[in-house]
């Protein structure tokens, strides 16, 4: 956070940085708290894994956006990172799903 770009004093810039760090920490802690709450209260098999996957992706998105500073990048760079990642996730899911079909009927 450049203090010279916004004409902030060093104290104001430090306070702004601390506020940003505390906000990020609170958001990530909140999502993690929800994950822990669901882990100990939801019975298995009720879509719990899908909820965990969605919350994990939300945390990963927030971490990448804030700590890798992608939130303020141009959309083409963000898409250049997201689309290959989406295809890799699709590939892994397809391989896991179809990998079990290889052994059906052999034994």
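Computed from the coordinates by the stated procedures, all read-outs in this text should not be read as laboratory data. This is a predicted model, so every value here is computed, not measured. Backbone-built Cβ (ideal geometry, glycine too); neighbour counts: all protein chains shown.
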Practice task
Find how much the distance from residue 81 to residue 41 grows on full extension, using 0.36 nm per residue of separation minus their present alpha carbon separation; answer in nm with one decimal.
Solution key: 10.9 nm
Problem - Inter-label distance, nm, simple model (7 Å from Cα along the C-beta direction), residue 31/residue 17 - result: 2.4
Fill in the blank from the handout: So the angle from the long Cα axis of helix 48-67 to the longest Cα principal axis of the chain, reported in degrees to the nearest 10, equals 30
Handout entry: Degrees separating the helix 75-99 axis from the principal Cα axis of the chain, which is the longest one
Key = 20
Exercise for the section: With the Cα gyration tensor of the chain in hand, convert its eigenvalues to equivalent ellipsoid semi-axes via √(5λ) and list them largest first in whole Å. Expected result: 40, 21, 7
Practice task
Take 75, 16 and order them by how many other Cβ atoms sit within 10 Å, fewest up front.
Solution key: 75, 16
Handout entry: Cα long-axis angle, helix 10-41 against the chain (0 to 90 degrees, to the nearest 10)
Key = 20
Handout entry: Computed lengthening from residue 92 to residue 73, 0.36 nm per intervening residue step minus Cα-Cα distance
Key = 4.1 nm
